[in-house]
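Novice: If you scroll down you'll find the structure; I have some questions about it.
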Amino acid sequence: MGKPSGFLEFDREPAPKRDPKERIADYREIEKSVSTDHTQKQAARCMDCGIPFCHHGCPLGNIIPEFNDAVYQNNWKLAYEILISTNNFPEFTGRICPAPCEASCVLGINKPAVAIEFIEKNIIEKAFEAGYVKANVPSVRTGKKIAVVGSGPAGLAAAAQLNSAGHWVTVFERSDEIGGLLRYGIPDFKLEKRIVERRVKLLEVEGVQFVTNAHVGVNVSVANLREEFDAILLSGGSTIPRDLPIKGREFSSVHFAMDFLTQQNRRVSNHKVEAKDILATGKHVVVIGGGDTGSDCVGTSNRQGAASVTQIEIMSKPPKDRTESMPWPNWPMILRTSTSHEEGCDRNWSILTKEFISDENGNVTGLKIVDLEWKSETGKPAGFSEVAGSERIIPCNLALLAMGFLHPQHQGLLDQLGVQLDERGNVKCTRYQTSVENVFSAGDMRRGQSLVVWAISEGREAARAIDQYLMGQSMLEAKEEGMLNLR
């Protein structure tokens with residue numbers, strides 16, 4: 001490494017953030033810009049650890065020590081080339097990835113881990129600023145045509161890879177904008193949409209074709225796609241949300257989180273909201289679900305001027321530090337406080353929802369809940385019981401269900417293709433190939449609800465599988481670990 005003693009000299013200092021009182025007044029990204037020297041010092045913290053376990057933690061297999069060293073040496077072009085060799089979209093992962101690589105950082109055993117995500121974001125932004133990021137149009141075309149259904153991170157990554165191999169790629173998106181959850185799921189204060197649009201424009205210049213308002217299986221014929229294209233990739237995501245079948249669920253003030261978040265993303269982009277407005281303004285908001293989507297609802301509710309925001313989770317409160325059941329370098333299920341939580345939120349764990357309470361007009365006024373006592377076996381949850389006398393009603397005028405997703409939508413595209421599904425309702429694949437010969441799948445539609453970084457990895461690996469299917473061989477990059485763990 002360029003500075004072997006860097007981890008002893010510099011403390012972990014990711015990008016500073018705007019004050020919570022300031023940032024809840026807008027939807028701009030919350031991180032402040034930093035100097036080149038700041039980023040170089042953070043890169044210098046990367047140890048000469050011998051075995052870089054960060055590779056194990058990253059689903060993409062990013063070559064982290066090498067790009068950190070290039071940053072420290074002020075060779076930003078090399079840092080960019082190393083980073084882009086494994087990651088098509090570091091501008092996304094550098095903003096919204098939970099950084100499993102950092103959980104596997106060797107320095108993180110007894111000190112704060114290297115700020116890998118922060119460094120990654122600065123590499124790609126420096127590359128765009130310096131003009132290192134250029135459209136790479138294939139010099140030779142194979143004549144093969146591939147349809148990618150779904151324009152989320154898996155579909156975009158696959159499109160980018162397949163296009164670079166010389167195939168003609170058309171991406172079909174049922175919404176009016178490209179990007180999937182990057183566009184209409186993740187709030188702008190985490191990922192401004194100009195970042196997504198910048199990458200989409202680059203892909204267009206490289207030769208990828210995009211078709212919006214194209215709901216395959218509804219207003220786009222599945223039969224026509226099979227006839228026109230040599231291969232089809234299904235990357236439509238896991239879109240069926242987990243519901244909450246309790247009394248009062250039918251009330252008009254109970255909504256799925258994604259409907260709420262999508263509406264606000266449309267407003268920020270000055271796009272028309274077709275459905276009835278879902279707004280937190282002046283309301284007591286209860287977010288049911290403790291994950292990232294729930295956190296996004298918290299941040300959005302605060303920006304809309306909610307009277308109060310309460311987030312409840314059925315599972316018990318995670319520990320602050322690793323336990324024996326989650327040893328390094330595995331991803332630890334510890335307590336995490338998001339930037340949205342910092343902006344104001346009452347967080348509660350081990351809570352069971354019992355019933356929505358309403359007035360005579362069907363407007364939700366409260367939520368009946370009860371505390372839970374969890375039993376544990378070998379460090380894992382093993383059932384719960386209600387705590388006697390803890391039942392109560394909390395104020396609630398708007399309830400947002402953020403309890404995850406079950407599986408992709410079966411009606412339409414999947415049913416018409418006749419692809420086999422696994423026991424969870426996801427598309428069943430062998431080496432990313434479905435039960436229908438020239439049809440492949442990647443991302444959440446195949447593996448279930450997961451991270452953006454996993455979706456990009458899936459898209460890349462599926463592209464390689466499609467390239468091999470069409471050409472008999474492939475020169476596209478492969479992550480060895482990913483190839484060994486294909487289903």
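Novice: Of 21, 41, which residue is of a type in the set (D, E, K, R) and under 25 Å from residue 291 (Cα atoms)?
Specialist: Just one listed residue meets the conditions, 21.
Novice: Which members of segment 392-404 meet the condition of being surrounded by fewer than 18 Cβ atoms within 10 Å (Cβ to Cβ) and within 25 Å of the chain's Cα centre (by Cα)?
Specialist: Selection gives 404 alone.
Novice: Now for a different question. Give the residue, chosen from 473, 416, that is without any contact (Cβ under 8 Å) to a residue 24 or more places away in the chain and either under 16 Å from the mean Cα position of the chain (by Cα) or surrounded by fewer than 24 Cβ atoms within 10 Å (Cβ to Cβ) (or both).
Specialist: On the way: 416 fails: without any contact (Cβ under 8 Å) to a residue 24 or more places away in the chain.
Within the list 473, 416, the selection yields 473.
Novice: Also: Give me the residue from segment 175-198 that is assigned to a helix (DSSP H, G or I) and charged (D, E, K, R) and, out of that set, farthest from residue 292 (Cα to Cα).
Specialist: Per the stated criteria, the residue is 198.
Novice: Mind checking which residues of segment 297-325 are under 18 Å from residue 393 (Cβ atoms) and hydrophobic (A, V, I, L, M, F, W, C)?
Specialist: 307, 309, 312, 314, listed by residue number.
Novice: While we're here: Here are some conditions: (1) among the polar types (S, T, N, Q); (2) free of Cβ contacts under 8 Å to residues at least 24 places away in the same chain; (3) within 21 Å of residue 368 (Cβ to Cβ). Residue 311 meets all but one. Which one does it not meet?
Specialist: (2)
Novice: So which of 437, 386 is surrounded by fewer than 24 Cβ atoms within 10 Å (Cβ to Cβ), outside the structural domain of residue 318 (by TED's automatic domain parsing) and not aromatic (Phe, Trp, Tyr)?
Specialist: 437
Novice: If you don't mind, another one. Quick check on my filter: what residues within segment 369-424 are out of contact with any Pro (no Cβ under 9 Å at 6 or more places or on another chain), part of a loop (DSSP other than H, G, I, E, B), among the aliphatic types (A, V, I, L, M) and under 30 Å from residue 358 (Cα atoms)?
Specialist: Those that are out of contact with any Pro (no Cβ under 9 Å at 6 or more places or on another chain), part of a loop (DSSP other than H, G, I, E, B), among the aliphatic types (A, V, I, L, M) and under 30 Å from residue 358 (Cα atoms): 387, 388.
Novice: Give me the helices (runs of 4 or more DSSP H) completely within segment 38-116, filtered to those with at least 3 residues that are under 21 Å from residue 202 (Cα atoms), ordered by residue number. Quick ask: steps written out before the conclusion?
Specialist: Details: elements: 54-57, 64-72, 76-84, 90-96, 100-103.
Result: 76-84, 90-96.
Novice: Further, regarding this structure: Regarding segment 235-249, can at least one residue be identified that is at pLDDT below 95, surrounded by fewer than 22 Cβ atoms within 10 Å (Cβ to Cβ) and either within 30 Å of residue 417 (Cα to Cα) or polar (S, T, N, Q) (or both)?
Specialist: No.
The values are calculated or read from the model by the stated rules, or taken from the named source; none is laboratory data. Being a predicted model, the structure only gives us computed values, none of them experimental. Because the Cβ atoms are built from the backbone with ideal geometry, glycine has one as well, and the counts that use them run over all protein chains shown.
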